[in-house]
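Working notes for the structure below.
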Amino acid sequence: MKNKLTSGCKIGTIFLVLIMSIAGIGISYAGFTDTIYVHGMVNTASVELQVVDYSATWVYKDLTTHEKVMFSEEQYDDNLMYIAKAIAYEGDENPYDVEFLFDNIFPCTDFIADFVVQYTGTIPVNVVEMSFETEDAWLEPLLYYKINHCSFVDNIWFIGEEMIINDNTGLSQIHPGDYIHVEVYIHLPQDNSLQGLTAEFSGRLIVMQWNDNCDSPPQGNKILDIPTEIVTVYNTVGMESYIITLLSNVPAGYDVVNEYYLGWCVDQDNTLCTYYDATLWSSYDNNIPYPSDSWDKVNYIINNKGTANKEQIQRAIWHYIDHGPYTGTDTVVLGLIADADANGEGFVPSEGEWLAVLCYPVNENIQKTIIEVDP
């Protein structure tokens, strides 16, 4: 009886396999077919500026008439004595495309250096920002700029209508092939305290696609693509910032990479460690392991430092994160805090601004820090 049952099972199995094989053959040959093949290409637009010309102001004393005379080029004339100059010339693109030199300048004269930019991108753009930064407080209110549309006809530049930055009526808009004239000038007042000074400044000109209506990521979004893996953090004393942070062991393909970043401390209860493992968190992540209602104001501060030094900026950050209210009398620190209180609520960094990324140590007894990352 046992053998009959066993034999019956084998026959049933063979029969089932046979049925499935026939069905499979039927499926592979069932129905009429036809095919349309599709192929496509995708070309994205580009936004690109190219500096195409430079000019300058050279000031001389005419030894015959004793008058001040100004030229757009250097002069080689025994009757002219060099006094001052304001020139723009090609930079090394690392990090500057244009270099300026304002030499031996004096009050009551506009010292002007300028350059011409051609827009070589493929879509219209708006000029959305022209700004300067300097650590020398005396220079900041004396830097000016003006931007005009211009054209190049018969080897002559013609200056056109002045451009209104970030204007919605189209006055700030440029199209492929268009030129703009960027004029940077300094006008010194009659102030004896400005004699014999030296200062440096840097600046940037930013354009953005003309129909930029992309919504800013809402508060709480990560904004950055940050790895979940543990990375290595190395901290040293900073010049522009309280610390300089080197990240390593960051996997490829993220918005943070293996390089140096400006950094700041966000707690004082633990020891600042030079070398440690950490996880990275956007300060706008709802799941951040070091939560605070003031991360928006900290982000506002790192984007609006003004002329504050690194110690003053650090104290303002501590005011909002962990350390508690600032009780000192430094007017710069108090100004940073007042500005953040007035304007930092709900602040979210946009294109070209900095976002605070938390370096959260695996060992929680190590001090937490942040780095500035461009989202």
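No value in this document is a laboratory result; all are computed from the given coordinates. All values reported here derive from a predicted model rather than from experimental measurement. Every residue, glycine as well, gets a Cβ built from its backbone with ideal geometry; the counts of neighbours run over all protein chains shown.
Assuming charge only on the beta carbon of Lys and Arg (+1) and of Asp and Glu (-1), the dipole of the chain about its Cα centre is about 2600 debye to the nearest 20. Here is the list for the stretch 298-375: GluC sites (Glu not before Pro) lying in DSSP coil, each with at most 16 other C-beta atoms within 10 angstrom of its C-beta, are E345, E351, E353, E364.
For the pair D178 and V47, what calculated FRET efficiency results from E = 1/(1 + (r/R0)^6), where r is the Cβ-Cβ distance and R0 = 22 Å, to the nearest 0.05? The computed FRET efficiency comes out at 0.95.
For the pair the stretch 29-67 / the stretch 295-334, the C-alpha centres are spaced 39 Å from each other. Stretched out straight at 0.36 nm per residue, the stretch from N365 to E229 would grow longer than its current Cα-Cα span by 47.0 nm.
Find the Cα radius of gyration of the stretch 49-209, compare it with 2.2 N^0.38 Å by division, and give the number to two decimals. In units of the 2.2 N^0.38 Å rule of thumb, it is 1.13.
Net charge in the neighbourhood of E183 (other residues with Cβ under 11 Å of its Cβ; Lys, Arg +1, Asp, Glu -1) is -2.
For the chain, the 222 nm mean residue ellipticity estimated from helices alone, with every DSSP H stretch of n ≥ 4 adding -39500 (n - 2.57) and the total spread over all residues, rounds to -5000 deg cm²/dmol.
Dividing the convex hull volume of the alpha-carbon atoms in the stretch 231-373 by its residue count gives 109 Å³ per residue.
Over the chain, calculate the relative contact order: mean separation of alpha carbon pairs under 8 Å at least 6 apart, over the residue count, as a percent.
Values: 710 pairs, mean separation 46.4, N = 375.
Worked out over the chain, it gives 12 percent.
Run the paramagnetic zone check for A338: 7 angstrom along Cα to Cβ, then residues of the stretch 288-302 with backbone nitrogen under 18 Å. Residues 301 qualify, since their backbone N sits under 18 Å from the label point. For the stretch 185-211, backbone nitrogen atoms closer than 18 Å to the point 7 Å from K68 Cα along Cα-to-C-beta are found at 185-197.
Provide, as a two-decimal number, the C-alpha radius of gyration of the stretch 93-137 over 2.2 N^0.38 Å, N being how many residues it has. Walk me through the numbers on the way to the answer.
Details: Rg = 14.9 Å, N = 45, 2.2 N^0.38 = 9.3 Å.
Taking the Cα Rg and dividing by 2.2 N^0.38 Å, one obtains 1.59.
Assuming R0 = 51 Å, can you tell me the calculated FRET efficiency for the pair T327 and T33, based on Cβ-Cβ distance, to the nearest 0.05? The computed FRET efficiency comes out at 0.05. Relative to the Cα centre, the charge distribution of the stretch 247-321, modelled as +1 at Lys and Arg Cβ and -1 at Asp and Glu Cβ, gives a dipole magnitude of about 300 debye.
Over the alpha-carbon set of the chain, divide Rg by the Kirkwood Rh and report the Rg/Rh ratio to two decimals.
Values: Rg = 31.8 Å, Rh = 26.1 Å.
Using Cα coordinates only, the ratio equals 1.22.
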